[in-house]
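In what follows, a structure is listed as structure tokens, so that the remarks can point back to it.
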Amino acid sequence: MKTLKFKLYEHKRNRYLKRMINTAGVIYNHCIALHKRYYRMWGKHLNCAKFQSHIAKLRKHNSFWQSVGSQAVQDICQRIEKAYQLFFKHNKKGVRPPGFKKVKKYKSFTLKQAGYKFLGGNRVKIGNRIYQFWKSREIEGKIKTLTIKRTALGEMFMVIVVDNEPEPEIKSMTGKIAGFDFGLKAFLNCSDGTKIDSPEFLKQSLNTIKKASKNHSKKMKGSNNRERARKNLVRRHEDVCNRRRDWFWKLAHILTNKFDILCFETLNLKGMQRLWGRKISDLAFGEFLKILEWVAKKKNKQVVYIDQWYPSSKTCSCCGYVLENLDLSVRQWRCPSCNSVNGRDENAAKNIQMVGASTIGLGDVRLAMPAIAV
């Protein structure tokens, strides 16, 4: 499966797509209300098939709902069903059930086999109207779904999921393995001694964002000036996200070109965010790992995760001696066994590399705890 994203041309007929998204938001809230009412009355969960047939009957008697295709309505029911299944499965872990959403902030609707048709070139027919999009690449393979998305700025995007078989490519193999330790001072500490610092894009633009947010809060609610200030604030946040993702993609390609196997430690990012707050959000290590996994899979490289409870910082990478306690403020420590001086982050990266190698059967590591490979 491959996802392609195209931006639609700005045109006055885009208001029909926005109206369809608003209709999808109304249907979504109605479905949530029915689920809550049914559970309150009977103490049971609604069956998805019966629920879809009931919504289909309601749709026949509501002309406003008919502006959205039947498959888009079915997709809304299926998404709510999936959200409830995840809630019942992980409710002890703090996962909440799906709730109501503001219609103005509702983002998208999805069409599967029907409701759209590509007319050649950069034109697509959605419903009864024809729209144009920026065709930045060719659409190859069988189209599975088409999603229309609306951003906070009101821009319209078309997201297509295609099922195609990629052509076999000659991959460059380096035969190298590396371990990486995520840090607050350096974004990544590599086992070969190199450090990668994060540009901290949010920190760079923080004063501009604060100024835009202050300007937005001063405007009268409901006025055109407030809407203009809101869009200005959204642009500032989007600029930070776009620059960060661009840097992540470039870094992922650099690392996968240099190494064949990349080892990381599984981290509790939510717990770290509670401790260090905005700093962890700015580094966005979880988002980087998702991009790295995708690039590694495309290049036939491997990403290995070790157990988060392995004492990578407290274990000497030279002799395997494990300290009982190591405070976060200690950046270097001397091993009582072999008298080697270990930098906290560099030593952790070397240990992650060794445990990752033993996890996939490339070698043996002394005092290594069980690890997880993904």
Inset, instruction - Working from the alpha-carbon coordinates of segment 207-347, get Rg over Rh, Rh being the Kirkwood radius. - result: 1.13
Legend entry - Net length gained if the chain between S223 and K7 were fully extended (0.36 nm per residue, minus Cα distance): 74.9 nm
Inset, instruction - Using a Gaussian network model of the chain whose springs link C-alpha atoms within less than 10 Å, name the residue from K89, K142, K112 with the highest mean-square fluctuation. - result: K89
Inset, instruction - Please give the solvent-accessible surface of V161 in Å², to the nearest 10, using a probe radius of 1.4 Å with every protein chain present. - result: 40
Legend entry - Binned Cα-Cα distance frequencies in segment 1-60 - 10 Å width, integer %: 17, 33, 25, 20, 5
Legend entry - Links that overshoot a 27 Å alpha carbon limit, given the list K105/K125; K93/K149; K219/K270: K93/K149; K219/K270
Inset, instruction - Please calculate the 1.4 Å probe accessible area of R37, with all protein chains present, and give it to the nearest 10 Å². - result: 110
Inset, instruction - Distance from a point 7 Å along Cα→Cβ of Q113 to each backbone N in segment 122-149: keep the residues under 16 Å and list them by number. - result: 142-146
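Can you sort I254, I306 by 1.4 Å-probe accessible area, starting with the largest?
I254, I306
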Legend entry - Candidate aspartates and glutamates - alpha carbon under 14 Å from K231, same-chain residues fewer than 8 apart omitted: E155, D239
Inset, instruction - Estimate the FRET efficiency between V330 and M272 by the formula 1/(1 + (r/R0)^6), using the beta-carbon distance for r and 22 Å for R0, to the nearest 0.05. - result: 0.75
Inset, instruction - Would you mind telling me the share, in percent, of accessible area of segment 74-207 contributed by carbon and sulfur at probe 1.4 angstrom? - result: 51
Inset, instruction - With only Lys, Arg, Asp and Glu charged, each at its Cβ (+1 for the first two, -1 for the last two), find how big the charge dipole of the chain is about the Cα centre; round to the nearest 20 debye. - result: 3140
Legend entry - With all protein chains modelled, accessible area of F6 [1.4 Å, Å²]: 0
Inset, instruction - Sequence neighbours fewer than 8 away in the same chain don't count; with that in mind, list the lysines whose C-alpha is under 22 Å from K298. - result: K2, K5, K142, K144, K171, K176, K250, K258, K290
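The values are calculated or read from the model by the stated rules, or taken from the named source; none is laboratory data. Remember, it's a predicted structure, so these values are computed and weren't measured experimentally. Every residue, glycine among them, receives a Cβ derived from its backbone with ideal geometry; neighbour counts consider all protein chains shown. Surface areas here come from the heavy atoms of the whole protein model, side chains and all, with no ligands, DNA or RNA. Shrake-Rupley method; radii C 1.70, N 1.55, O 1.52, S 1.80 Å.
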